[in-house]
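Peer 1: Take a look at the following structure, please.
The values are calculated or read from the model by the stated rules, or taken from the named source; none is laboratory data. None of these values were measured; they are calculated from a predicted model. Every residue, glycine among them, receives a Cβ derived from its backbone with ideal geometry; neighbour counts consider all protein chains shown. The accessibility values were calculated without ligands, DNA or RNA, using every heavy atom of the protein model including side chains. Shrake-Rupley method; radii C 1.70, N 1.55, O 1.52, S 1.80 Å.
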Amino acid sequence: MNKNSSNMMALAPNTSNKRETVCIFGTGDFGRALGHKMIQSGYPVVYGSRSTQISNLIPKDAEVLGHAEAAQKAAIIIIAIQRQHYNFLTPLAEVLRGKVLVDISNNLKLNQYPESNAEHLAQLLPGSKVVKAFNTVSAWALQSGTLDASRQVFVCGDDVEAKQMVMNIVRALGLTPLDKGSLLAAQEIENYPLQLFPMWKFPIFLSLGLTAFFFLYCVVLDIIYTYIYENNDFSFFIAITIPNRVCPVMALILLALVYLPGIFAAIIQLYRGTKYRRFPDWLDKWMLCRKQLGLIALAFASLHVVFTLVTPLRAFASWRTGKGIISQVLNNKTEPLDHTNAWLSDSYLALGILGFFLFVLLGITSLPSVSNNVNWREFRFVQSKLGYLALIFCTAHTLVYGGKWFLSPSAYKWYLPNIYILSLIVPCAVLVVKFVLIFPCVDKPLTQIRQGWERNPKYSK
Amino acid sequence: MNKNSSNMMALAPNTSNKRETVCIFGTGDFGRALGHKMIQSGYPVVYGSRSTQISNLIPKDAEVLGHAEAAQKAAIIIIAIQRQHYNFLTPLAEVLRGKVLVDISNNLKLNQYPESNAEHLAQLLPGSKVVKAFNTVSAWALQSGTLDASRQVFVCGDDVEAKQMVMNIVRALGLTPLDKGSLLAAQEIENYPLQLFPMWKFPIFLSLGLTAFFFLYCVVLDIIYTYIYENNDFSFFIAITIPNRVCPVMALILLALVYLPGIFAAIIQLYRGTKYRRFPDWLDKWMLCRKQLGLIALAFASLHVVFTLVTPLRAFASWRTGKGIISQVLNNKTEPLDHTNAWLSDSYLALGILGFFLFVLLGITSLPSVSNNVNWREFRFVQSKLGYLALIFCTAHTLVYGGKWFLSPSAYKWYLPNIYILSLIVPCAVLVVKFVLIFPCVDKPLTQIRQGWERNPKYSK
Amino acid sequence: MNKNSSNMMALAPNTSNKRETVCIFGTGDFGRALGHKMIQSGYPVVYGSRSTQISNLIPKDAEVLGHAEAAQKAAIIIIAIQRQHYNFLTPLAEVLRGKVLVDISNNLKLNQYPESNAEHLAQLLPGSKVVKAFNTVSAWALQSGTLDASRQVFVCGDDVEAKQMVMNIVRALGLTPLDKGSLLAAQEIENYPLQLFPMWKFPIFLSLGLTAFFFLYCVVLDIIYTYIYENNDFSFFIAITIPNRVCPVMALILLALVYLPGIFAAIIQLYRGTKYRRFPDWLDKWMLCRKQLGLIALAFASLHVVFTLVTPLRAFASWRTGKGIISQVLNNKTEPLDHTNAWLSDSYLALGILGFFLFVLLGITSLPSVSNNVNWREFRFVQSKLGYLALIFCTAHTLVYGGKWFLSPSAYKWYLPNIYILSLIVPCAVLVVKFVLIFPCVDKPLTQIRQGWERNPKYSK
């Protein structure tokens, strides 16, 4: 092949560059939407259908034939029918032999069938090459063309060439294929669109549980105790006062729980003297949901901020302010400014503001589009350094706010500590251990271990 | 072809893998920036120019020749000149025959010419294969390499192979080609960079209109009425008090308008007994701008929050607080805490905070990078379930806040209802109808219809 | 080649479509993670290792051989070993001749070695084709498959075909290759993961410096001056009062500094009469960090908002309110509402709220995922039009807030102006010059220059 002919090829790309016909079995919503999109991208499309009457819903430029005829026209057949009807494909086994069958089906429930739809199809038609794809794309997204929802198309299959052909189509439609490996991955891919925030489940249940506990704890101490012993009805505290006690406590504890697994991991690595052994399962899972824990903590912190800021608007607050001033007037004296009090009040407000500010920064950098634009070192810097700084500020905020009550007996109604005392346990423990871990004599071996050094190399073999 | 030779090919990819020369007509900003980027990506570049004197602005590694000579060197010619000068290409028709011409031009105004620039070029040079591309990329983005702005390059053209060649170049430059179909799409692609938030136009005009109406309504009732009948000058209410009355009303109405079209759609589908007939045009358009309506509602809600939170900082508020306390003192009595009032005030604040919190969550999940990371079910869950919950909270917030004034005659100055009464009409209607729609006897047929069932199947044919 | 055979090819893609074997030298974390991912995507993987004993950490389906044997099996060899050990590759020079070597190494420090690792490798093995890639991807991201961090893989190399082969692998793994040109770019690519917010450095240092200056300035005027001349200890102002004076000043100045370089650029272009000459270096750099300046300004503005909103919660504020009311009571008079004051207070609050609202809008549109979804015209509209509007609102907010003190001698302690007077200099200058620039007699030539017109065309040659 001489230089010239290569140039010729560039001028007139060979015919294999021409897009090959694609066959679609089924003329439902998704089959029509996909066909429409394919025609737009230059693929000849032929539909396989029971009735070859051309419905006006089917794209104009598509051919409609019987299933067998349609299948013969193309190397790739998209099976846009429901799993229950797969059986009718068995008589077509001979026609479909060697063809690439694209299973795009979804189920209505998680793990509805023992094996995935794609594997079921592969068992029914062992002579065909089954590829799972497109199930995460909605007909609506294809039709509207906006594809605001995910552009990713998960693809899996046992035949590498068949998978390649499907992935080329995916790319041609302006979507991004993501190879998930062999057909065994089909189960996972089929479950994907049925999932409802799987990573959020544990953090949310944990938060709900803790919130309920602290809420009841506060109701008992602040409302029931006051009602019994002081005969005051403060039931309206349920709306704002108590939520505004629970939210900061939850925010602080959850933020500390974000950094706790890292502490455990460091201790385990130091103890084992190697990083080449897997962490216990619970720690792995915990580390994977740190982002979710942190975001829920941020939500609680935000609620705390707003609940606090509305304080002056509450009828209760106006009444209390008025009462205080009137009592001063009636006693005919003006209290001078209490400087210690002014310092304390301004300090904990300022610490809280700075802690919340850093917290929001952490939240913003965890947005996918922001974290995609920073490198690994920058991401670590923000999430680790700034994160610990936020934890320090928030813990200090709580300590300064409640410090004076630590030793006051009125904080221990029914011998139970106030919840802000409870809330300080985990963050203080995390900060103290972290403080120990950054001492050079501990930090140096840890860094070495993390760079691959092993105390007892035999362990890793 | 035996196994061995295939391996050979992998070792030494055939020459067609080498990047073919690209010719660029025109040495303006964009032509230079594109040439520079192409050279960087390994394409030999040759410029076609009137003067073949080499300017120091042209990339060093590029050749500069006359138009005809340059065109002969390449299969792809990028036409980086303005539409007005396309006529000078007609004498080159013979040289350009069979070549791929890439039209990258933009106009200064929407629909400036009857046909798109690319179609005009295709008419001038019927022997060439015209592809529209690159017009949405700016020279600055190409040059700086950051491409912070969109990485998407819309491509269209009648010749599939030509389009493929151009899309390969687009990919090689690190951009994402998006096939928009035949050259008919060129008009749309050329209009794209001239658009100014087309989806936002209707929601913004609607909001401005309603805001102006409610603002005037409030000015009349709160300032003019008070001035005439009570002889009080409250003109300074224009700055904060009235905006803070209009904002929540707008937020609530717009949020309800986000869910209203879904209600209409459900009723229409129930009535027709099929989902296979198109909605009326106005409903389609309305449904497409729900996201925009929701975000504007969120903006109003945020303004309402900030306007409310600054209340204690206003000179008017301090004066009113002082007046209240002083009148208590002068009457020599201390008012006890009004428990009903404390409950009401805390409840509507708490409801408002929770509603706003959910509202902000909805806003965050509508960020493209977040919505791309959730699946369809999760997106629906947040936008529909959490959205309705936000609407319920916000409506309850308004009801509790204003409930006591519903029957008070002072709320009907000049026989006109207060605007918060007006604001409740749409959200209450939406919630009531939605409540009916989730009854099993209504929900079941609706779900069936949405899964494809038809009451009178003949309709869809 | 007839039509039929082309169809045959579509049915049975030729063997070159089959994925070729990839060899990986080194069985460290990254080598294993990459191998695992490649096997998942259908590549046969063979490891080259000193000990060919199969460790259970190495992916199951991979072969492990000696270096020379492994290298012979593949056309592409990924060098997953550290730069210090590159020397051991020299004896393998003959085996590696003509092969594609992918350098994936990173250093521990910026510019640790005189030449990049990839160039060093190319010098050691001149017969091989070195391509730099994958160094920005972390083993963790590959393993977890989430790739939440950047999906972009920078690729560079002198051999276009070798680069193509590597980029195809990158794509097959679901990542996005970005061609950065010849191997000279390797230094930059290797430095990338070691950078820590390089674009933020100047804006952050500038902000820290200015903040420190203004903070001290306020401490001197508000605390030391008051202590000396009025004998009042207001040291607690350090926590909230002074930060809340510095933050708005910083926000306003930084926001003005975002628009100042644009003003300079316009003046320089008008003066030179052409846009085809480069701006001075300092201006170029300044323009490139406008986004960062703006975001830091937004951070200061947000802090100002929160610091302001907590005012009523401060012990100092309650004390001052009480004192004011009690003095009224003791004087036995109720002050009437001061309408001018009410107007002023409400106006600057409203202006501030609107300015902040627009500011937040600007911040949201600068999120990568949002700015990627708007076209150039829309982005310009928001960042320029809305940005100037925000600047106008914020400047007006400051003017109305502090206007009454401009002429009051108490604002000039020790003959020094209050900082809000200093803060107005830059924004007012920017607004005045911008106002001049939008006059038609100035705007018209400027627009022409920006469209390419030149006053003295000889300049550009």
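Peer 1: All but one of (1) out of contact with any Leu (no Cβ under 8 Å at 6 or more places or on another chain); (2) open to solvent by 30 Å² or more (accessible area, probe 1.4 Å); (3) touching a residue at least 12 places away in the same chain (Cβ under 8 Å) hold for residue A:361; which doesn't?
Peer 2: For residue A:361, the failing item is (1).
Peer 1: Shifting gears a bit: Would you check which residues across the range B:174-195 are closer than 23 Å to residue A:170 by Cβ and among the charged types (D, E, K, R) and list them?
Peer 2: B:179, B:180, listed by residue number.
Peer 1: Here is a further query. Just give me the residues in the range A:222-231 being in a helix (DSSP H, G or I) and on the phi > 0 side of the Ramachandran plot, in sequence order.
Peer 2: Those that are in a helix (DSSP H, G or I) and on the phi > 0 side of the Ramachandran plot: none in the range A:222-231.
Peer 1: Still on this structure: Please go through the range A:394-417 and pick out each residue that is surrounded by 12 or more Cβ atoms within 10 Å (Cβ to Cβ) and aliphatic (A, V, I, L, M).
Peer 2: Hits for the range A:394-417 are A:396, A:399, A:400, A:411, A:416.
Peer 1: Go through the range C:183-198 and give me each residue that's open to solvent by less than 50 Å² (accessible area, probe 1.4 Å), within 11 Å of another protein chain (Cβ to nearest Cβ), in a helix (DSSP H, G or I) and farther than 12 Å from residue C:134 by Cα.
Peer 2: The answer is C:185, C:191, C:194.
Peer 1: Here's another thing I want to ask about it. Based on what the data block shows, is residue A:404 under 32 Å from the mean Cα position of the chain (by Cα), assigned to a helix (DSSP H, G or I) and among the basic types (Lys, Arg)?
Peer 2: No; evaluated as a whole, the condition is false for this residue.
Peer 1: Something else: Residue under question is residue C:362, and the condition is that it be more than 25 Å from residue A:349 (Cβ to Cβ), more than 8 Å from chain B (Cβ to nearest Cβ), within 49 Å of the chain's Cα centre (by Cα) and assigned to a helix (DSSP H, G or I); does it hold?
Peer 2: Yes: the conditions hold for residue C:362.
Peer 1: Within the range A:164-182, how many residues turn out to be assigned to a helix (DSSP H, G or I) and open to solvent by 10 Å² or more (accessible area, probe 1.4 Å)?
Peer 2: Counting residues in the range A:164-182 that are assigned to a helix (DSSP H, G or I) and open to solvent by 10 Å² or more (accessible area, probe 1.4 Å) gives 4.
Peer 1: While we're here: If we only count helices (runs of 4 or more DSSP H) wholly inside the range A:232-351, which ones have 3 or more residues that are open to solvent by 30 Å² or more (accessible area, probe 1.4 Å) and among the charged types (D, E, K, R)?
Peer 2: Counting at least 3 such residues, we get A:281-288.
Peer 1: While we're looking at this one, here's another question. Would it be correct to say that residue A:423 is open to solvent by less than 60 Å² (accessible area, probe 1.4 Å), modelled with pLDDT under 85 and either assigned by the TED database to the domain that holds residue A:305 or of a type outside the set (Ser, Thr, Tyr) (or both)?
Peer 2: Here the answer is no, as residue A:423 does not meet what is asked.
Peer 1: Please find, among A:371, A:318, the residue that is hydroxyl-bearing (Ser, Thr, Tyr) and more than 9 Å from chain C (Cβ to nearest Cβ).
Peer 2: A:318
Peer 1: Within the range B:126-147, is there a residue that is within 11 Å of chain A (Cβ to nearest Cβ) and under 27 Å from residue C:374 (Cβ atoms)?
Peer 2: Scanning the range B:126-147, I find at least one residue that is within 11 Å of chain A (Cβ to nearest Cβ) and under 27 Å from residue C:374 (Cβ atoms), so the answer is yes.
Peer 1: Of the residues in the range C:158-179, how many are within 13 Å of chain B (Cβ to nearest Cβ) and farther than 17 Å from residue A:375 by Cα?
Peer 2: Selection size over the range C:158-179: 15.
Peer 1: If you don't mind, there's one more thing I want to ask. Checking residue B:201 against (1) of a type in the set (Lys, Arg); (2) without any contact (Cβ under 8 Å) to a residue 40 or more places away in the chain; (3) crowded, with 18+ Cβ neighbours inside 10 Å: exactly one of these is not met. Which one?
Peer 2: Failed condition: (3).
Peer 1: Moving on to the next point. Every residue in the range A:77-121 that is under 29 Å from the mean Cα position of the chain (by Cα) and part of a helix (DSSP H, G or I), please.
Peer 2: Passing the criteria: A:117, A:118, A:119.
Peer 1: Can you work out which of the residues in the range B:297-315 that are within 11 Å of residue B:240 (Cα to Cα) and not aliphatic (A, V, I, L, M) is farthest from the other protein chains (Cβ to nearest Cβ)?
Peer 2: So the residue we want is B:304.
Peer 1: Right, something else. Please state which of the following conditions residue A:274 fails to meet, knowing it meets all the rest: (1) among the β-branched types (Val, Ile, Thr); (2) under 28 Å from residue A:417 (Cβ atoms); (3) out of contact with any Lys or Arg (no Cβ under 6 Å at 6 or more places or on another chain).
Peer 2: (2)
Peer 1: Output the qualifying pairs, or none if there are none: Cβ atoms under 6 angstrom, residues six or more apart or on different chains, first residue in the range C:172-189 and farther than 30 Å from residue A:160 by Cβ and in the same structural domain as residue C:44 (by the TED database), second residue surrounded by fewer than 19 Cβ atoms within 10 Å (Cβ to Cβ) and modelled with pLDDT under 80.
Peer 2: As it stands, the answer is none, since no pair meets every condition given.
Peer 1: Moving on to the next point. When you go through (1) within 7 Å of chain C (Cβ to nearest Cβ); (2) more than 22 Å from residue A:257 (Cα to Cα); (3) not hydroxyl-bearing (Ser, Thr, Tyr) one by one for residue A:326, which number turns out not to apply?
Peer 2: It is condition (1) that residue A:326 fails.
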